[in-house]
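Note sheet for the following structure.
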Amino acid sequence: TAIMELEQQQQQQDLQVSGLRSARTNPAYLVSNATSHLWVFSAIAELVDNAYDPDCAAAHLDIRHEVMRGIDVLSFTDDGRGMELNRLHNMLSFGYCDKVPVKGHKPIGHYGNGFKSGSMRIGKDAIVFTKTRLANNAVVKSVGLLSQTFLARIGADTIVLPICSWVNDQLAETYPDGAQSLSLITHHCDLFGGFESEVLAQFDRIGKHGTRILIYNLKRTSPDDPSSALELDLVSDRSDIVNSETLQSDAALPAVQRMQLLQTSVSPLIRRSLKAYLSILFMKPRLIIRINNHKVRTQLMQRCLAKRAIDYYSPKLSPSDETRLKLRSNSNYRVRVVIGVLPANHSDYGAMLYHNNRLILPYEKLVKEPELASGVALIAEVDHLEPNHIKQEFIRDANFRNCFLNLTQKLKEYLELHRCSDSAAASSAAAAPPPPSYWRWVQCDSCQKWRRLLDVSDEEFRSIEKRAWYCSMNPDAYYNRCDIAEEVEDEESMVQDYRDARTTARRRNEAAAIRSLLSNSRPAGQSAASHSAESSSKRARFDPPSATSAAVSSSTASHQLGGRHQPSRQEVRERSSNINSCSGGSGGGNVAMSSTQVEQSVVSATAESSTAAVSVDPAAVKREGAVSAARFDRVKDQLRSLRCSVIRLLGHISSDWSTDSDGGRGGPVKVPEFPDQSVDQLLARVVQDLDRQKKQAQQQPRDDGQKQPGASSSNVAAVSDAQEANLSDGEIDIKPIVIDDD
Ligand SMILES: [Zn+2]
């Protein structure tokens with residue numbers, strides 16, 4: 001009814017218009033206006049948009065290569081509402097945009113320029129036939145010619161539009177230019193040989209209502225040479241239209257864009273094959289498109305992916321953005337992000353970014369490493385972003401950048417999750433993981449609803465896709481009639497499942513990290529032990545403090561001989577505090593054996609991963625010499641992050657833990673492979689100690705005397721005591737590493 005009201009308003013306005021209709025625009029503008037479509041398929045997509053848009057709302061679109069009077073024609077015939085004269089005039093002329101949303105179906109062509117720029121990119125001339133029914137059931141047929149050839153012939157300095165209309169087969173009297181226009185069309189549109197009957201016959205090619213667009217004088221590979229090949233290869237594959245110009249039009253791109261194309265390898269298939277491009281042009285395909293009567297196999301891509309995950313992204317939008325983007329009605333606007341694995345025969349991957357259901361960016365590579373993201377697609381409808389005027393790119397504003405970052409993050413999370421779960425599955429099961437399962441969807445030719453096919457082989461599916469298919473053919477009795485609504489999936493629970501999977505994976509990773517710290521580092525500790533056993537006494541598998549102190553004093557002595565007092569003391573302090581750090585603080589005693597082990601493992605692992613100088617082997621540390629304050633910081637940071645992981649892990653599994661343990665310190669644990677909370681305390685302590693020791697190392701020495709270590713190498717308890725004492729009074733000491741027998 002909204003459309004009807006609009007039409008009536010326009011008809012009333014029309015009564016005041018007389019004279020030959022023209023848009024006061026220079027014909028040269030038709031050419032320059034079309035050049036923004038570097039890629040011919042983006043021009044064709046404009047015509048597809050016109051059929052899809054709500055004011056047309058076609059269910060079917062036939063794209064055909066026809067030959068009329070020896071002239072190659074590309075025709076677009078839809079079964080949409082059609083247009084009355086005024087609407088056709090707006091479509092052909094410049095400066096109008098009356099596209100309005102109908103029942104939530106938003107128009108794609110914001111600019112109202114799509115037809116002009118698109119058709120004039122494909123060929124020099126276009127003629128539009130349209131048939132519609134008015135509220136009083138009158139049939140209105142209209143025809144309009146937008147022809148560069150015609151304008152050149154009559155030497156027009158403004159774009160003249162021959163356009164006329166019939167109401168119930170009577171040439172409309174309200175338009176005095178009608179007869180004149182029909183005469184111009186008949187004589188200047190070369191497709192009809194000057195016969196009015198042939199012009200009128202085109203209306204018979206339209207059903208009860210709809211629009212038929214003929215584009216002729218198609219662009220050639222050499223525009224000035226009428227004998228050169230057509231830009232579009234219309235004959236090699238009748239089920240497709242091939243852009244034979246791909247390479248040349250790529251060459252015409254600015255260097256930056258060409259580089260981007262090379263980097264992103266924007267799907268050579270999509271750039272070359274119209275069938276491939278149209279199959280993904282709409283996120284939720286409604287329009288059934290045929291090329292030369294071959295059905296374009298569209299896919300409900302977002303529901304066909306395997307290992308599908310759904311997530312949401314709520315962009316922060318300013319009120320002005322919301323108004324501008326007309327999102328206010330949708331106050332809880334959020335971007336739905338579907339990520340999943342493409343069927344194996346897909347060579348492309350990346351993000352498919354749609355706007356109002358229409359593809360803007362195909363296979364955008366969010367993650368640059370192909371080995372990571374290969375086979376994975378991210379599909380999102382980003383209505384809050386603004387496409388450029390030819391709908392091939394988004395305006396790169398702050399909203400776009402934020403969105404891009406966010407989507408990249410989501411893709412990385414997904415890849416990380418599946419890399420982990422895949423490797424877990426591979427290691428747990430000897431057999432290869434089962435192939436991912438893809439759902440198959442087919443669209444009803446009558447009601448355009450999508451139905452899921454159960455238990456259909458690849459071959460069966462391919463044959464189903466080629467033929468017409470109706471709901472009644474669905475073996476699934478729940479969805480075998482056109483009046484049954486489309487299958488709805490429980491999206492909220494899918495979102496929740498994905499969140500849960502990520503949380504589980506994060507916990508698993510953290511647990512694995514800690515477990516590997518605890519297990520993998522032990523051999524390292526043992527090797528360190530054997531190493532020091534070689535160099536030192538057999539019984540004490542750690543470096544005797546006496547040896548360390550001897551090294552310290554000898555180095556001090558040599559520096560003193562050289563007269564460099566300050567640096568040498570600094571060096572000694574750093575070195576000794578480094579060794580202190582290797583002993584891993586002193587708090588492990590109260591957790592008996594396990595704590596000592598943990599202490600050892602944590603310290604050795606940390607030492608290994610940070611820097612060669614911070615070695616688990618005190619002897620090696622001695623030989624290495626000084627460790628800078630920066631290295632302390634690095635070790636400390638690593639411990640901090642490890643500690644955070646441990647705390648998070650403990651938080652997650654705390655409910656599984658016995659609450660009656662003795663104050664959380666050294667109590668019995670129910671999960672034997674995890675250390676108890678003393679690990680957390682221990683780590684905190686190591687960090688504390690590191691801090692303290694760093695501070696000490698940076699302090700000026702208070703006296704010239706060298707403290708000798710007082711502890712005996714054979715008495716671990718005594719060392720520990722001495723450690724405590726030394727740390728508490730701020731003195732320097734060199735302590736051994738303790739390694740348990742087992
Ligand atoms: Zn149906």
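The values are calculated or read from the model by the stated rules, or taken from the named source; none is laboratory data. Values in this document were obtained by computation on a predicted structure and should not be read as measured data. Positions of Cβ are generated from backbone atoms using ideal geometry, with glycine treated the same way; all protein chains shown enter the neighbour counts. Keep in mind that these areas ignore ligands, DNA and RNA; they rest on the heavy atoms of the full protein, side chains included. Shrake-Rupley method; radii C 1.70, N 1.55, O 1.52, S 1.80 Å.
Against the list (1) free of Cβ contacts under 8 Å to residues at least 60 places away in the same chain; (2) surrounded by 17 or more Cβ atoms within 10 Å (Cβ to Cβ); (3) more than 40 Å from the chain's Cα centre (by Cα), the condition Asp240 fails is (3). Take the conditions (1) open to solvent by 60 Å² or more (accessible area, probe 1.4 Å); (2) assigned to a helix (DSSP H, G or I); Ser183 misses just one of them, which is (1). Residue-level check: of (1) at pLDDT below 85; (2) over 30 Å from Ile154 (Cα atoms), Arg21 misses just (2).
Within the bounds of the stretch 248-260, is there any residue that is among the charged types (D, E, K, R), modelled with pLDDT under 85 and open to solvent by 70 Å² or more (accessible area, probe 1.4 Å)? First the steps, then the outcome.
Of all residues in the stretch 248-260, those among the charged types (D, E, K, R) come to 250, 258.
Retained after the next criterion (residues that are modelled with pLDDT under 85): 250, 258.
Now drop any that are not open to solvent by 70 Å² or more (accessible area, probe 1.4 Å), which leaves 258.
Yes, there is a match, as at least one residue in the stretch 248-260 is among the charged types (D, E, K, R), modelled with pLDDT under 85 and open to solvent by 70 Å² or more (accessible area, probe 1.4 Å).
Here is a yes/no grid of residues against (1) open to solvent by 20 Å² or more (accessible area, probe 1.4 Å); (2) modelled with pLDDT of 85 or more; (3) among the polar types (S, T, N, Q):
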{"residue": "Leu372", "(1), (2), (3)": "yes, no, no"}
{"residue": "Val376", "(1), (2), (3)": "no, yes, no"}
{"residue": "Asp383", "(1), (2), (3)": "yes, yes, no"}
{"residue": "Glu393", "(1), (2), (3)": "yes, yes, no"}
{"residue": "Lys412", "(1), (2), (3)": "yes, yes, no"}
{"residue": "His418", "(1), (2), (3)": "yes, no, no"}
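Against the list (1) at pLDDT 90 or above; (2) open to solvent by 30 Å² or more (accessible area, probe 1.4 Å), the condition Pro268 fails is (1).
One residue stands out in the stretch 450-495 among those that are modelled with pLDDT of 85 or more and among the aromatic types (Phe, Trp, Tyr): the one that is nearest to the ligand (Cβ to nearest atom), namely Tyr470. So which residues in the stretch 287-301 are open to solvent by 20 Å² or more (accessible area, probe 1.4 Å) and modelled with pLDDT under 85? Arg297, Gln299, listed by residue number.
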